[in-house]
Every structure is written in structure tokens, then in C-alpha cells.
Amino acid sequence: MKKFFSVEDIVNVYDLIKEAIFLKKNPYNFKYNKTIGLVFFNPSLRTRISSQKAAFNLGCHTWILDIHKDSWKIEMNDGEVMKSTQEHIKEAVSVMSMYCDILAVRTFPSLSDRDYDYNEVLFKKILNYSRVPVVNMESATLHPLQSLADVITIAEFTSFFRKKCKVVLSWAPHVKPLPHSVPNSFSQWISKIEEVNFIITCPEGYNLCKKFSDGVVTIQNQNKAFENADFIYAKNWSSYYNYGKILCNDDVGSNDWMITKNKMERTNKAKFMHCLPVRRNVVVEDSVLDSDDSIVLEQSENRIYSAQIVFKKIIESL
Ligand code: CP
């Protein structure tokens, strides 16, 4: 694997999940002594630490740069007279890539300029200027390491998809506009699994970009969507068509779209999923998150092995 930007960089998703589950059972079997650079344009808890742990498991070293805290003010645009910025993204990425064997990067969307975000302008610059393979630790539109962890988790709870299951991605309320990267990416990855009946439920105006949800049934009736579901994946996202806007904040704290115990009772004893961090009693009721059917911690644990298998695949192709 020469880069990991999206599911399109994967030859066979089933094989990758199998290999990740093997690594989970044998985390210290492979040692490579490489350096992995982790660069953050935005905050992180899980991605940052799980990627470090994945690197350590592979006998690799990491360095971490939190761009906004630890470095010069970066100029993203070409041709600028750099009066208020100190270093151009071109030199910054080229130099950082000389200090590692894999460069893993997290960027976020503007949520104001849809073309800029959906053309992945910043991440494409990073791919272009890096001299080593690049891993997407969340870009403007995608979060593939999270989605790989999510499908690994679903594989574990279905004996590797031995039984067909219904997976529902449900929009849930939030207090501020959030990116589309998790729902876009999850839709892409789960759609590769033939045994899964995948549907999305969201209020009017929140349909995901067709590029990532083409062919996926999307309905506005959350109660109907939950019927017979085996997995409920809750996530907030802002509007794609009215870009970056909150159209319906559901009177945050009300039950209209929040995931509640009552709603979970409509399902087939569904497991509750969320990528975290999650706002309790805004996105989901305490009673759901604290129930035995919540598998959010299993998802977070699998972030180690999604990163580990991706780093391993890239290192083996260096
Ligand atoms: N799920 C996720 O990516 O978490 P962090 O933002 O904490 O990395």
C-alpha cells in the first residue's frame, strides 16, 4: 500500500479486517524499526494515542507535531505575500516527510467552502509534497482509520459477518456544526460488506453527499429505520446541501433525534456505536451509552489495530 487516504486504497476490505483481527491477537509479532510522523491540524484523543500505540506495537518510533501549538503559522495558499504566516505548507510537509518513513496527518474541513473541502485541497497538497507514504488520520471529508475500526468491530460481533445484519447510521443532534468525515467514510466502508443491509436515517436536508452514499437507502423516519436493526451507529453531521449549516438542532436535549433507550427497544437488541467523543444526553442518553449493548469502547480499542494494519501494510511496501 503506497498511501492510505480512503477505502479506495484497499484491494480487499475483508482481507484487511481479517489481518487486523490477527494483529489484535498477535500485536507484537512484527517489528520494523521505522519512524512514523503524526501531524495534527486539529485536536485528537483516540487518533493520536491509538496511532502511537500501533506504532509501538510494530517496533516503530513516533514524533508528534500539533501544528497550531508547536510550530510556525503555516501558509496554505500558493502565491501569497506571506506577511502574517511564517512557513508555507510546501516546505513544511516536504521537510516533515524527510524526518519519517510514514507521514500520518489529520486535517479538518472549513465547513464554509464546500468545493475546497470536497476537493480535499489541503490533503492533496500534503500527498503531493510528502516524499513518503501518507496516512489519512481524518481529512475534510473522510476518516478511514475510524471506519476500518468500525467494520472490524462489526466483524467481531457478527462472527465475521457469518450472519446477515442490519446496520443503521442515524443522525443525532449536536450543539455545533460537525464535519461529514465519519458518516461519509463509514458509508463507504460498510457498503463494501455484502452481508450488511445498510441504511441511513436523518432529518430532511441532511442527506450525505451522493459520492459517498450512492445506492444507500436514506429515510427520514428514524423509528422505522430502527426496526430490526442489529447495530445503531449514531453521529451528528452538518448539512451537505446547505453546506456546513445546522438546519435542525432538535431542541438539543429533547428526544426527537437523540438516541434513547425507548428507541433502542425497537431494534433487534442492537449494539450502540459512536466514534467518540460523544456529548451525553445530547447525542445519546446515558442509559444507552452505559448499557451492555454499547460497544463504543470496543470501537475505540480497535482504533489501535486499524492503524497497526495500515502502518504494517505501508511499511511492507516501502
Ligand atoms: N474518533 C476520533 O477520531 O477521536 P479523536 O478525535 O479523539 O481522535
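Some observations on this one:
- Leading residue by the ranking (farthest from the ligand (Cβ to nearest atom)) among those in segment 229-278 that are under 27 Å from residue 115 (Cα atoms) and of a type in the set (Phe, Trp, Tyr): 241
- Residues considered: 139, 191, 170, 238. Of these, the only one that is in the same structural domain as residue 40 (by TED's automatic domain parsing) and small (Gly, Ala, Ser) is 139.
- For segment 4-18, the count of residues that are within 16 Å of the ligand (Cβ to nearest atom), modelled with pLDDT of 95 or more, under 29 Å from residue 213 (Cβ atoms) and of a type outside the set (Phe, Trp, Tyr) is nonzero.
- Subset of segment 150-176 [modelled with pLDDT of 95 or more, within 24 Å of residue 109 (Cβ to Cβ) and in a loop (DSSP other than H, G, I, E, B)]: 172
- Among the numbered conditions (1) among the basic types (Lys, Arg); (2) on the phi > 0 side of the Ramachandran plot; (3) surrounded by 16 or more Cβ atoms within 10 Å (Cβ to Cβ), the only one that residue 269 does not meet is (3).
- Residue in segment 57-74 that is under 22 Å from residue 123 (Cα atoms), of a type outside the set (S, T, N, Q), part of a loop (DSSP other than H, G, I, E, B) and within 16 Å of the ligand (Cβ to nearest atom) present: no
- The residues on offer are 302, 281, and the sole one that is within 16 Å of the ligand (Cβ to nearest atom) and of a type outside the set (A, V, I, L, M) is 302.
- Enumeration of residues in segment 79-112 that are assigned to a loop (DSSP other than H, G, I, E, B) and in contact (Cβ under 8 Å) with a residue 24 or more places away in the chain: 99, 100, 101, 107, 108, 109, 110, 111, 112
- Qualifying residue in segment 271-287 (condition: among the charged types (D, E, K, R), closer than 21 Å to residue 169 by Cβ, part of a helix (DSSP H, G or I) and at pLDDT 95 or above): no
- Applying the set (1) in contact with a strand residue (DSSP E or B) (Cβ under 6 Å, 6 or more places away or on another chain); (2) closer than 24 Å to residue 187 by Cα; (3) without any contact (Cβ under 8 Å) to a residue 40 or more places away in the chain to residue 66 leaves exactly one unmet item: (2).
- Any chance residue 211 is surrounded by fewer than 14 Cβ atoms within 10 Å (Cβ to Cβ) and in a helix (DSSP H, G or I): yes
- Comparison of 197, 242, 184 shows that the only residue that is within 23 Å of the chain's Cα centre (by Cα), part of a strand (DSSP E or B) and of a type in the set (S, T, N, Q) is 197.
- Filtering segment 79-90 to residues that are out of contact with any helix residue (DSSP H, G or I) (no Cβ under 8 Å at 6 or more places or on another chain) and on the phi < 0 side of the Ramachandran plot leaves 80, 81, 82, 83, 84, 85, 86, 87, 88.
- Any chance residue 45 is surrounded by fewer than 17 Cβ atoms within 10 Å (Cβ to Cβ), within 16 Å of the ligand (Cβ to nearest atom) and either closer than 26 Å to residue 188 by Cβ or in contact (Cβ under 8 Å) with a residue 24 or more places away in the chain (or both): yes
- Given (1) hydrophobic (A, V, I, L, M, F, W, C); (2) more than 16 Å from the ligand (Cβ to nearest atom); (3) in contact with a Phe, Trp or Tyr (Cβ under 9 Å, 6 or more places away or on another chain), index of the condition residue 105 fails: (2)
The values are calculated or read from the model by the stated rules, or taken from the named source; none is laboratory data. Note that this is a predicted model, so its numbers are computed, not measured. Methodologically, a virtual Cβ is constructed for each residue, glycine included, from the backbone with ideal geometry; neighbour enumeration extends over all protein chains shown.
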